[in-house]
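I have placed the structure first, in the form of structure tokens, so that the comments after it can refer back to it.
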Ligand code: ADP
């Protein structure tokens, strides 16, 4: 499949052509157009191992876009299957990559107030591409989409309700980049993304940090607009919103003027006069105090965010640097990492100094024995857009078979030690009823859970015994207990909260309290029929037309003898208004997009 990718910004145009064959993606053509001045622009084209650069007679981005068909014809590039576009702001409405129609284009247009610089430029490219290649699917890939998994506690500003109801919230950007580098880091480490807590640090002209907890963005430093967070080339990053009142009273500045200055005249430019980190580093090295302070502020703010996100995830396995500064400035990486030794992150200064990113490399630059890995890699937004576009196209496939859905009420799996402590040494639980999964049963015995807020009685115990005690409850149960457990796959119990189990003979304070991540058990035969593989993430529609829901991020677990069945908890069942047995159907379009989280 051949995909044309158009990344159209306010002042530059980047174009790529990708051949996609399953997981393989090859960029066969690449062009950049920028510095539009006095009827001309600079360009660079890479094709067939040759590169050509110079200036072209294009006065603006539209003219450059309109000239593309002639350039493709000149290079004898054949027809495309689709065009993938980068769209910066998808608002609340767009959570996945989407094939565009006229109505969706209007919806994206209505988001312009949220991204006045970016979205109009992105849409211009969509409009021109629709004219130039009529009938070709146009797919929008949103910078905000990867952050759709951020929980309300991360996305909500503490402001009046009317403002929040009007759509004021944090969205986050650079999602395509964060998603790609997290995937690349996991690949380099050799562990699945779902087992890793990663902080992705994208430092370019725009800069942001993202907390990626087991493959999911849970927080990111940019907010409603791309101004919040880190110090950037010309953007301030975090400021006290009180400055609006101060500047209005002190200098009589209008809101538009302040906003313009925070966007275009702040950051490195505001601190030093130059928005370019190379210039700032050179000036700092030659002793200029403003540039030295700017570098310190830049590094300090980034380090604070890394620490904060390690706290948000309850630990940290890897930090990934990307973007022009993250990829190229060894001294900035070192400044950011120095001081993070307390959390087990130590840099190897020689490795940091000699980073080579050729051939999509992702070198590790932590010191021997550092608990946290540090990785540097080039971001590949165009490549990700091409892959997401291919996935969105594949989503047009027909719906698949249905899967039985079972609702798991709260329950406990006990270890031998836990049975001893709660019921007496050597006690054997009584098998009362077999479960549908072969070899598993419910015990006749029950126990009580206790947390700081209250108790839950008569909690079911499921056998057989396990190596580690695991307590699975719903979010609602978490409130009843006064404990906030994480959503985890079964068996992933590291760092989970402690709860008290009360049995007839004794009590036991144990960790292992989780909200079980929804999952589908299946066997190799059914998996093949349904087109599923172990570890795949799918989306499933459950319930009727009125109250039915699509449950995203559902993990496939293939076991030799497992019965095919989806497990959700009582909160999820109530939300979709279903009873204890129901059927779900895989949603092919969404499924494919979700798969891209692990295997972009
Ligand atoms: P964008 O966000 O526009 O894609 P880039 O990711 O290309 O930007 O990053 C541009 C930034 O990277 C600029 O501040 C530039 O000075 C900085 N940069 C590029 N190379 C180096 C280098 N060798 N040392 C320090 N900074 C660098």
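Every number in this text was worked out from the coordinates using simple rules, so none of it is lab data. Predicted model only: the values in this text are computed from it and were never measured. Please note: Cβ atoms are built from the backbone with ideal geometry, for glycine as well, and neighbour counts cover all protein chains shown.
To the nearest 10 degrees, how steep is helix 588-598 against the longest Cα principal axis of the chain, on a 0 to 90 scale?
Tilt relative to the chain: about 80 degrees.
Go from 0 up to the bin containing the longest alpha carbon distance in the chain, width 10 Å each, and give me the % of pairs per bin.
Percent of Cα pairs in each bin: 3, 15, 24, 25, 18, 10, 4, 1, 0.
Fewest first, what order do 332, 222 take by the number of other Cβ atoms within 10 Å?
Details: 332 21, 222 28.
The fewest-first ordering by Cβ neighbours comes to 332, 222.
When averaged across all projection directions, what area in nm² does the alpha-carbon convex hull of the stretch 467-535 cover? List each step's numbers first, then the result.
Details: hull surface 25.6 nm².
The orientation-averaged projected area of the Cα hull of the stretch 467-535 comes to 6.4 nm².
Over all directions, average the projected area of the Cα convex hull of the stretch 1-85 and note it in nm². Mind dumping the intermediate values first?
Numbers: hull surface 22.2 nm².
Averaged projected hull area, Cα only: 5.5 nm².
Sorted from largest down, what three extents in whole angstroms do the Cα atoms of the stretch 277-399 have along their principal axes?
The Cα atoms of the stretch 277-399 stretch 63, 34, 26 Å along their principal axes.
Under the rule a/c < 1.5 gives rounded, and otherwise a/b versus b/c splits prolate from oblate, where does the stretch 147-283 land using the Cα gyration tensor? It would help to have the intermediate numbers written out before the result.
Numbers: a/c = 3.52, a/b = 1.37, b/c = 2.57.
It is oblate, given that a/c is not under 1.5 and a/b is not larger than b/c.
How would you rank 461, 502, 515, going from fewest to most other Cβ atoms within 10 Å of each one's own Cβ? Provide the component values of the computation, followed by the final result.
Values: 461 25, 502 15, 515 21.
Listed from fewest to most nearby Cβ atoms, that is 502, 515, 461.
Rounded to whole Å, give me the distance from the Cα center of the stretch 44-71 to that of the stretch 213-243.
If you average the Cα positions of each part, the centres end up 34 Å apart.
Among 8, 41, rank each residue by its count of other Cβ atoms within 10 Å, from fewest to most, as a rough exposure measure. Mind showing how you got there, number by number?
On the way: 8 26, 41 23.
Least crowded to most crowded, the residues run 41, 8.
Classify the stretch 217-304 from the C-alpha gyration tensor, please: rounded if a/c falls under 1.5, else prolate or oblate depending on whether a/b exceeds b/c.
Note, shape of the stretch 217-304 comes out oblate.
Taking a quarter of the surface of the convex hull around the Cα atoms of the stretch 330-389, what do you get in nm²? Let's see the in-between values first.
Details: hull surface 20.1 nm².
Quarter of the Cα hull surface area: 5.0 nm².
Which length gain, in nm to one decimal place, applies between residue 431 and residue 279 when the Cα-Cα distance is subtracted from 0.36 nm times their residue separation?
Here the answer is 47.5 nm.
From Cα pairs below 8 angstrom and at least 6 apart in sequence, can you work out the relative contact order of the stretch 293-388, rounded to a whole percent? Provide the component values of the computation, followed by the final result.
Working: 122 pairs, mean separation 27.1, N = 96.
It comes to 28 percent, rounded to a whole number.
Using only alpha carbon pairs under 8 Å that are at least six residues apart, calculate the relative contact order of the stretch 42-152 and give it in whole percent. Walk me through the numbers before you get to the answer.
On the way: 129 pairs, mean separation 38.0, N = 111.
This gives 34 percent for the stretch 42-152.
Relative contact order for the chain: what is it in percent, counting Cα pairs under 8 Å that are at least 6 residues apart?
Details: 1326 pairs, mean separation 62.7, N = 600.
The normalised contact order for the chain reaches 10 percent.
How long are the semi-axes of the ellipsoid equivalent to the stretch 42-102, from square roots of 5 times the Cα gyration tensor eigenvalues, in whole Å, largest first?
Equivalent-ellipsoid dimensions as semi-axes: 28, 16, 12 Å.
Find how many whole Å separate the alpha carbon centroid of the stretch 448-470 from the alpha carbon centroid of the stretch 142-192.
34 Å
Sum -39500 (n - 2.57) across every DSSP H segment of at least 4 residues in the chain, then divide by the residue count to get the 222 nm mean residue ellipticity, nearest 500. Please list the in-between numbers first.
On the way: 21 runs with 191 residues, N = 600.
One gets -9000 deg cm²/dmol as the mean residue ellipticity at 222 nm.
Give me the one-decimal Kirkwood hydrodynamic radius in Å for the stretch 5-153, with the sum taken over alpha-carbon pairs. Let's see the in-between values first.
Details: mean 1/r = 0.0612 Å⁻¹.
For the stretch 5-153, the Kirkwood estimate is 16.3 Å.
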